[in-house]
Structures are given as C-alpha cells and as structure tokens.
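Worksheet: the structure to be examined is printed underneath.
FYI, it's all coordinate maths here, none of it is from the lab. Remember, it's a predicted structure, so these values are computed and weren't measured experimentally. Cβ sites come from the backbone with ideal geometry, for glycine too, and all protein chains shown count toward neighbours.
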Amino acid sequence: MADHAHDQDGLDRVRGRIDAIDQELLDLISERARCAQRVAQIKTETDGRAVQFYRPEREVAILRRVKGANPGPLDGEEVARLFREIMSACLALERPLQAAFLGPEGTFTQAAAIKHFGHSVVTRAMATIDEIFREVEAGSCDFGVVPVENSTEGVVSHTLDLFMASPLAITGEVSLRIHHHLMSAETELGAIRTVYSHQQSLAQCREWLDRYLPHAERVAVGSNADAARTAAKESGAAAVAGYQAAEIYGLELLAERIEDEPGNTTRFLVIGKQDAPPSGQDKTSLLLSCRNEAGGLHALLMPLAAHGISMTRIESRPSRRGIWDYVFFVDIMGHRDDLPVAAALEHLERQALLFKVLGSYPVAVL
Ligand SMILES: O=C(O)C(=O)C[C@]1(C(=O)O)C=C[C@@H](O)C=C1
C-alpha cells in the first residue's frame, strides 16, 4: 500500500512536468504560427500576385536540420514527421494548399499526398491520372500526386506518357511503404467468398490468399479504394487495400500486412507549375530519346558519365508519337542549377533527339 502511494506520487510529479512542457510547446508552436503569418505578409508585399507560399526547399531544409539535431530518444523519422505536421498547419494559415490525387478517397496516392504535405493539405480526389494533370494545368489545384514506380493503383507507364505532352514540372517525390490488409464488413474469414482489389495488389498478396482463402474468387477492380467501397456494400465480400480505405469505408481488418514481400514500396511524384529551387540534396528527372541504332543509348548517356553524374533510374517507353522509337525517363542526382549537372545537361541536349527536363526537386526526407 505504501509502495503504491509512493508510485502514485512519482507518476503525478512526472505528469505535472508533462503538463508544463505541453503548455510551453503550445506557446512555442503558437509563436511559430505567428511567424509564418508574418512570412506570408512579407511574401505578399514583395511578390504580389506571383507569391509562392509553399517553399519545398525550405521545408526539406528544416526537416533535415531537425533530423540532424535530434538528441533522441525519439527516432529521427518520428521527429521529422512531427515537424512535417507543424509546418503543414503553419502553411495552411498562410494559404491552404490543394493537392489532386488519384481517387477515390483512401487510395495510397492520397496517403502519399498527406505524407508529403502533411494533414493540413486539402486533398481532392480525381478519377484518372489525366484529370490530375489537367486540374493542375488549369490552376484549380496547386499540386498533383501521381504514382510512378511499382504502383498498386495507377498505370505507371501512363504517368510517363502524360509527362511527354504536359508543360507541368516535377516538384517533389514521395516513397510510401505499402501494407495490404484484408478488410470486410464480415467479421469472420470463413464468410469471405469474393476478394476485390487492384490486380497488382492481388498479385502482391497471392501466397497469402492461396493459403488462407483458397476458395474465394479474386476480382480485379480499378483501385484498392474502389475494392473497399464495393466490399462495404456486398455480403461475403472482402477487399485488399490500405488502412485508410478501411477507415473511410468503415470496414473491419480481418488480417493485417498480408503482402508476400514485406518492404514493398511505391514511389509517387508531386507535379506543379514549376519545379523546386536547389536544396543541396536534389534529383532531376529527364525525358530523352536517341536514334534507334547500335550504341545509341550508350552515346546518349555518355555526358552523364563524363560529368560524374550518377543516374538513379532509367525506364524506357515505346514512343507512341512515331517520331522517336523509344523515350527514356531518366533520374539523376543533383539539381539542374548545380554546375556539373548544368554542364552535363547542355551536353545531353546536343546529343538527344528529344530532351526535356521534367524538373529538379529535393530528395525526400520522410
Ligand atoms: O519559410 C517560409 O517561407 C514559410 O512560409 C514558413 C514555412 C514554415 O512553417 O516553416 C511554411 C511553409 C513553407 O512551405 C515553408 C516554411
């Protein structure tokens, strides 16, 4: 009894300390928010109508600094996530950002948008990737988020094709760990007769489905969120989708993390009217094409090697325009304004049949 009272004393003291710290945090966060309001005022006075409230290079600088200065015990990623949300709220006070994503509500693309901009961003669901491009081009949304690699929702190649014709630039990248869950309005695995999901997600969970639901029919639909929406209305149905979809459509998680490969990641790009200023740690995406002859690609990429630029990705797409046989979607390290990159790009431009800089943007912090 005496021991218990002693513990209670200790607990009350620590909780008292936590309350005092929370008050200090609240005061500091409020002061920070007032600073953001002053920043907005200064920007409006100096830039007038061309004012850019969102500054990606500044945001990554802040996130990199707090991660570097983090004394622990919280993990660097956790600390960066907290600051991501504080900045998101501060920016919304200057002006709320609107980001178009591949809908419906609850897709991984929406989760990517929120991971990149924080929860204060206003996300707007679009039915197709084309619509995302159009909405941003028209200025109805500030940014768009589109899947590009190992996608579970969008057709990656379609995103690349749209870049060929679009004046939009890449202003950021987002990597998202993809976890698939089995969700349903049913409460028992035994009641499941149909499993809906995007075809890629079904493929990514094949071993699990073979083992635990060998007799359920698998039906491929347009997106994982569509699958969840359908499963919510149909008895005996389940969906394979992300956590957000279960929340939005009010489904029960019957099994979590059912993907065969743990560590499954999808990469998304943020598109806008202009790319980002240098942040010190950037990537640049290019569209290139060369003559379809022996050694053509080797010659095309020579300028990168010659200027010591490292390439992080190359993807080839058959050109549908008939002018080029193949186009290459290439990512390199560095910003187009960095001297060695600028020199390599000048060289590349002379060499390539098609040469388009899709944008330079900060390497993702989160
Ligand atoms: O520094 C700025 O330009 C701000 O607007 C402030 C702030 C922040 O909260 O730190 C908010 C939004 C910008 O995207 C970058 C940073």
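In sequence order, segment 12-27 has phi-based couplings of 4, 5, 5, 5, x, 5, 4, 4, 5, 5, 4, 5, 4, 4, 4, 4 Hz under the Karplus curve 6.51 cos²θ - 1.76 cosθ + 1.60, θ = phi - 60°, and Gly or Pro positions carry x.
Convex hull of alpha carbon positions in segment 276-362: directionally averaged projected area 5.3 nm². Taking amide H positions as modeled 1.01 Å from N, with prolines and chain starts lacking one, no residue 5 or more places away or on another chain lies under 5 Å from residue 216.
When shorter helices are ignored and each DSSP H run of at least 4 residues is given -39500 (n - 2.57), the per-residue value for the chain at 222 nm works out to -14000 deg cm²/dmol.
Protection proxy ranking of 350-356, 104-110, by the mean of other Cβ atoms within 10 Å over each peptide's residues and highest first, is 104-110, 350-356.
Backbone amide hydrogens, once placed in the peptide plane, bring residue 254 within less than 5 Å of 182, 183, 184, excluding anything fewer than 5 places away on its chain.
Using the Cα atoms as the points, what is the convex hull volume per residue of the chain in Å³?
Hull volume over Cα atoms, normalised by residue count, gives 192 Å³.
Bridgeable aspartates and glutamates around residue 43 (alpha carbons under 13 Å apart, same-chain partners fewer than 8 residues away excluded): 94. Couplings for segment 269-283, taken from phi via the Karplus curve 6.51 cos²θ - 1.76 cosθ + 1.60 with θ = phi - 60°, read 10, 9, 10, x, 6, 9, 7, 9, x, x, 10, x, 9, 10, 10 Hz in order; Gly and Pro are left as x. A protection proxy built from the mean count of other Cβ atoms within 10 Å ranks the segments 76-86, 174-184, most packed first, as 174-184, 76-86. Normalised by the number of residues in the chain, the average gap of Cα pairs under 8 Å and 6 or more apart makes the relative contact order 17 percent. Gyration tensor analysis over the Cα atoms of segment 181-255 returns equivalent ellipsoid semi-axes of 16, 14, 10 Å (largest first, whole Å).
Rg ratio for segment 85-208: its Cα radius of gyration over 2.2 N^0.38 Å, N being its residue count, equals 1.20. On the principal axes of its alpha-carbon atoms, segment 49-111 has extents of 38, 34, 18 Å, going from largest to smallest. When peptides 286-295, 191-200 are ranked by their average number of other Cβ atoms within 10 Å per residue, the highest-first order is 191-200, 286-295. Projected label points at residue 315 and residue 44, each 7 Å from Cα along the beta carbon direction, are separated by 4.0 nanometres.
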